[in-house]
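Just below is one structure, and these are the notes that go with it.
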Amino acid sequence: MKSIAISGSPRENVGKRDAKELRYEGLVPAVLYGGKTQTHFAVSAADLKPVIYTPVVHFIDITVAGTKTQAIIQDIQFHPLTEQILHVDFLELDEKKPIAIEIPIRITGTSPGVKMGGKLVQKLRKLRIKALPKDHLDNIDVSIEGLEVGRSVRVGDLKFDKLTITNAKEDTILSITTSRALRQAEQDAAAAKK
C-alpha cells in the first residue's frame, strides 16, 4: 500500500483556545494513539489534503519531533458549514496486529450483459477488510468478465488468502440489470413475432 509522509509539530497546550489558534494559522490539531503513549501535534491543513480528499487509501508516515511513525487516519472531524478540517485522529500501526480499513473497489473486465444493453449497477464502492498492515491492498479488483444480464457479484464470491472481508457475505457489490432500452427491444422483438 502507498505511503505519504507528513511532518507535524508537538503541541504543548491541548485545549479549545490552542486548537482555535492553530486552525487560524492553517494548522490542524491531531492526535496519534495506539502506541505506548498518545502524541498531540499539529499538522498543516495543506499536507492533509492529498490524504483526505482522495478515494485511495494511504498509510501515513508521520514525523513529530524527529520520531517517525507509520499510521492510518482513524477519524476526521469537519466543521458542519465550512467543511474545514477541525481535528484528525491517527492510529499507529503495529506489524503484528491486524487493522480494519475500508478499501475502494475497482471494476475490471467487460461484461457481455453490458455489451447487450444491460446496465451495470454498483451498490458498494468500498469494502471493509481486516489484515496485517503488510497485506493490505490499494484497492480490491472485482471482475465483471462473463457477467450476463440478471447476474451479480456478492461479497461472498470474493476470496483472498491474507485478508478478511468483514462486510456481510450476502451483500451485493454490483449487478447487471435490464436497461429500459433492452427491455423495449425485447418487447419489440416479441411483438414482431406475433
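The values are calculated or read from the model by the stated rules, or taken from the named source; none is laboratory data. Since the structure is predicted, the reported quantities are computational estimates derived from the model, not experimental observations. Here the Cβ is made from the backbone with ideal geometry for all residues, glycine too, and neighbour counts use every protein chain on show. Areas reflect the complete protein model, heavy atoms only, side chains present, ligands, DNA and RNA absent. Shrake-Rupley method; radii C 1.70, N 1.55, O 1.52, S 1.80 Å.
Some points to look at:
- Expressed as a whole percent, the accessible surface of the chain that belongs to carbon and sulfur atoms is 50, based on a 1.4 Å probe.
- Of all DSSP beta bridges in the chain, antiparallel share, percent nearest 5: 70
- Legend: distances between Cα atoms for Lys2/Lys49; Lys2/Lys97; Lys68/Lys97; Lys36/Lys97; Lys16/Lys68; Lys49/Lys134; pairs beyond 22 Å are Lys16/Lys68; Lys49/Lys134.
- Accessible area, probe 1.4 Å, largest first, for residues Ser143, Ser175: Ser143, Ser175
- Charge dipole (the chain, unit charges on Cβ, about Cα centre) - positive-most of Phe160, Ala190, Pro55: Ala190
- Solvent-accessible surface of the stretch 1-68, averaged per residue with a 1.4 angstrom probe and all protein chains in place: 61 square angstrom.
- Equivalent ellipsoid dimensions for the stretch 153-194 as semi-axes, Å, which come from the Cα gyration tensor, largest first: 39, 9, 7
- Treating each Cα of the stretch 58-194 as one equal point scatterer and applying the Debye formula with no solvent, the log10 of I(q)/I(0) at q = 0.20 Å⁻¹ comes out as -1.14.
- Note on the stretch 1-68: percent of Cα-Cα distances in each 10 Å bin, starting at 0 and stopping at the bin with the largest distance, equals 20, 50, 28, 2.
- Inter-label distance for Lys159 and Ala181, nm, one decimal - labels placed 7 Å from Cα along Cα-to-Cβ: 3.7
- Computed 3J(HN,Hα) for the stretch 136-144, one whole-Hz value per residue from the Karplus formula 6.51 cos²θ - 1.76 cosθ + 1.60 where θ = phi - 60°, is 6, 9, 6, 7, 10, 7, 10, 8, 9, glycine and proline marked x.
- Summed over the residues of the stretch 98-194 and divided among them, the accessible surface reaches 62 Å² per residue at a probe radius of 1.4 Å.
- Choice from Ala181, Ala100, Ala19 showing the highest fluctuation, given a GNM over the chain with Cα pairs closer than 10 Å: Ala181
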